[in-house]
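One structure is given here, and the rest of the page talks about it.
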Amino acid sequence: MGIDLSTLNPPQREAVASTEGPLLVLAGAGSGKTRVITFRIAHLMERGVSATNILAVTFTNKAAAEMRERVAHLVGEKRARSLTVSTFHSFGLAVLKKELHRLGYPKQFAILDASDQASLVKRVLKECNDADRRFDVRRVISLVSRAKMAGGSLRSLAGGDPAYDAIAREVYDRYQRALFNMACVDFDDLIMLPAQIWKKFPEVLEAYQWQYRYLLIDEYQDTNASQFELVKLLAGERQNICAVGDDDQSIYGWRGAEVEHILRFEKQFRGVKEVRLEQNYRSTGHILSAANAVIALNKQRKAKRLWTDQGEGERISVVVAPTEEDEARFVADEVQRLLYERTCRADEMAILYRTNSQARPLEEALQLAGIRYDTHGGLKFFDRKEVKDVIAYLRLCHNLQDDVSLARIVNTPARGIGDTTMERLHAQARAEGMHLFSVMRRAAQNPELGSAAVESVGRFVALIEKYRALIDTEGWSKAARELVREVDMYAECRRHVDSSAAAARKVENLEGLLGGIERFEERNQGEGVAGYLARLALDSRDEEPDDDGKGVTLMTLHSAKGLEWPVVFLCGMEEDLLPHSGMQGEVANPDEERRLAYVGITRARRKLFLTRAASRFKNGQPRPRTPSRFLDDIPAPLTEAVNLSDPAARKPVNLQTGKDFFARMRAKMTEGEGEG
DNA sequence: CGCCAATTATTTTTT
DNA sequence: ATAATTGGCG
């Protein structure tokens, strides 16, 4: 007993203590949001609410794990364990595991990841429109996904390019049917289908409403229509919902997120109480002023003004380098200097950027300087081709209807089943309404296939069936290892690669995968392949962090949301990059780009660098670059300019900054408060 | 018909 | 770096 609310400021305390009815907490960046959420949960439990009746939804699995941990710190490990803390997607999966059979799906189903989805849409596209393939697959996927995120309504497929709207409608139906026939769901289904089930079976919904009486949604500004519907259904008449978020940090519009949900919260629920957290505990005054100045220019928002009692702090360094290499070298030099002066540790610094492709030169510069760094996002372990291939084998063995996985590995390694044969099999499957594997079992009866093809297909069918059996008798981790050996994935790794070092890495990846599978099987006896595959799709956190967070962090602005560092470098402050512009040089959503800049600025606690290059390579040619419009929005007195083309201006600025900064950092670097 | 090597285009952001 | 595509060869 004894959640000490006296350490909270008045609005924070109000947010924690208002336990009944709809509550909107507008939590500015660095305003102690996570603390409020965890205290609120602990406070609820202290007042007698059972942990099993609380559902907290977060944006990432990492955030979920952290939140549970912090609640455990307050109420104890044991009580925290009965809490439900998860992402929308994991929660949806849990619901589907229990209820999806109600829509006629089999008990076991698989989750399609983004690239599986792409291959399926490609195939569907080929089937309906065919031939000239004038449609951009990515764009079609985005339209279909948008419709699903709008709760499965095709109404969103109007008003855009008519040709695309039309093809997307056609693809939508076929795609959904294909998913159903393959016993697969995609990411959007994890939200959309639970809502459908709840609407169709009120008694099921009631059971969930009965269980989850206290709802808490974090990062509410990033909910899409489908997620909103889910929440609204679950909240029911009771409307015991606490939404926490910051409209100024809504940066997932491209994923269907609608700021309107948070802006209009009070219209969507009855008797809403609103609390604003505006005191910032993270950043120094200059950084906050800059953030306020940038975000103030957005029209549609709940006006907030962050303030701090921490003093002005360092000025923001606005750095211009001749080229992107110079920019990267400056960042590396500066990091090295801060390390050398022992001003801060490597893990207290972050280098942020808009697009993953910007990471390259930065990584190279850091490597050259011998600085440890961790990249989050970008190329992930489970995206590696060889790893995905093994996963596809496992998925096919687990679910023979999974045509996407089958198509992926049917001829990897090459075994005499080429495009022509597959085309014929596909045609037959479509004609019969069967999945590929069942058609392949009867390949001998297909008059179109030559004898060589029939034999190859027969061998493949036998291979898969052998390993299906082996999974049952020997366990799936052993079967996986044996499969990798029998099909000789190691040779396959060597085949398509020039250097033996690259091949060795691939083999290492395979070993890592097999090791990971073994460990998972050991730890989760009951789960089986399905559990592993689901975890893989939903939680892409690396199984084993090789270098455990001791280096400088490199990540995109999107992944940086919710995190903070004493020193932040925000790179590529240029038009077309931040704000990012697409094909026709048009900025698709200027407001969102501005919020992105705001998120970046507010990640910094004590020192912020905004860097840009005067010239950057694009398509192999150096192109002159324009400074980001957001730089103009920051009042000059908050900044100090550093021009790397001008050697005279360079050193003194840094030295002066360093000395002053050093002293203040030392004094301030004691407490570490997380938040988002 | 399938295999392989060579060439070309493609990377916003992520559960 | 990786697909997807293409062309030549068996």
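Figures for the structure shown
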read-out	value
Qualifying residues in segment A:280-303 (those that are within 25 Å of the chain's Cα centre (by Cα) and not in a loop (DSSP other than H, G, I, E, B)) - the one nearest to A:E348 (Cα to Cα)	A:A291
Yes/no for A:A407 being in contact (Cβ under 8 Å) with a residue 24 or more places away in the chain, closer than 30 Å to A:A321 by Cα and of a type in the set (A, V, I, L, M, F, W, C)	no
Top-ranked residue of segment A:51-88 - restricted to ones that are among the polar types (S, T, N, Q) and part of a helix (DSSP H, G or I), ranked as farthest from DNA strand C (Cβ to nearest atom)	A:N53
Qualifying residue in segment A:229-247 (condition: surrounded by 22 or more Cβ atoms within 10 Å (Cβ to Cβ), within 25 Å of A:G30 (Cβ to Cβ), modelled with pLDDT of 90 or more and within 16 Å of DNA strand B (Cβ to nearest atom))	yes
Matching residues, segment A:589-642, being part of a loop (DSSP other than H, G, I, E, B) and either among the hydroxyl-bearing types (S, T, Y) or touching a strand residue (DSSP E or B) at 6+ places or on another chain (Cβ under 9 Å) (or both)	A:T602, A:R603, A:R625, A:T626, A:S628, A:I634
Scan of segment A:248-257 for residues that are within 15 Å of DNA strand B (Cβ to nearest atom) and either under 19 Å from A:K304 (Cβ atoms) or surrounded by 22 or more Cβ atoms within 10 Å (Cβ to Cβ) (or both), ordered by number	A:Q249, A:S250, A:I251, A:G256, A:A257
Any hit, segment A:146-164, residues being closer than 25 Å to A:S405 by Cβ, under 21 Å from the mean Cα position of the chain (by Cα) and within 16 Å of DNA strand C (Cβ to nearest atom)	no
Scan of segment A:153-178 for residues that are outside any helix (DSSP H, G or I), of a type outside the set (A, V, I, L, M) and at negative phi, ordered by number	A:S153, A:G160, A:D161
Residue match in segment A:73-87 (condition: within 16 Å of DNA strand B (Cβ to nearest atom), at negative phi and touching a Gly at 6+ places or on another chain (Cβ under 8 Å))	no
Segment A:436-481: number of residues that are of a type outside the set (S, T, N, Q) and either closer than 19 Å to A:D419 by Cα or in contact with a Pro (Cβ under 6 Å, 6 or more places away or on another chain) (or both)	21
Within segment A:103-120, tally of residues that are more than 16 Å from DNA strand B (Cβ to nearest atom) and either of a type outside the set (F, W, Y) or at pLDDT below 85 (or both)	5
Of all residues in segment A:382-419 being within 14 Å of DNA strand C (Cβ to nearest atom) and acidic (D, E), the one that is nearest to A:K506 (Cα to Cα)	A:E386
Residue count, segment A:165-178 (criterion: touching a residue at least 12 places away in the same chain (Cβ under 8 Å) and more than 29 Å from A:S405 (Cβ to Cβ))	1
A:D403 being in contact with a His (Cβ under 8 Å, 6 or more places away or on another chain) and under 30 Å from A:E455 (Cβ atoms)	yes
Enumeration of residues in segment A:99-149 that are out of contact with any Leu (no Cβ under 8 Å at 6 or more places or on another chain) and β-branched (V, I, T)	A:V121, A:V124, A:I141, A:V144
Segment A:100-116, subset surrounded by fewer than 21 Cβ atoms within 10 Å (Cβ to Cβ) and either among the aliphatic types (A, V, I, L, M) or part of a helix (DSSP H, G or I) (or both), residue nearest to DNA strand C (Cβ to nearest atom)	A:S115
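For every residue, the table says whether it meets (1) in a helix (DSSP H, G or I); (2) in contact (Cβ under 8 Å) with a residue 24 or more places away in the chain; (3) under 24 Å from A:A537 (Cα atoms).
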| residue | (1), (2), (3) |
| --- | --- |
| A:F180 | yes, yes, yes |
| A:I191 | yes, yes, yes |
| A:P194 | yes, yes, yes |
| A:Q239 | no, yes, no |
| A:I262 | yes, yes, no |
| A:E266 | yes, yes, no |
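The values are calculated or read from the model by the stated rules, or taken from the named source; none is laboratory data. Keep in mind it's a predicted model, so treat the numbers as computed, not measured. Note: ideal-geometry Cβ built from the backbone for every residue, glycine included; neighbour counts use all protein chains shown.
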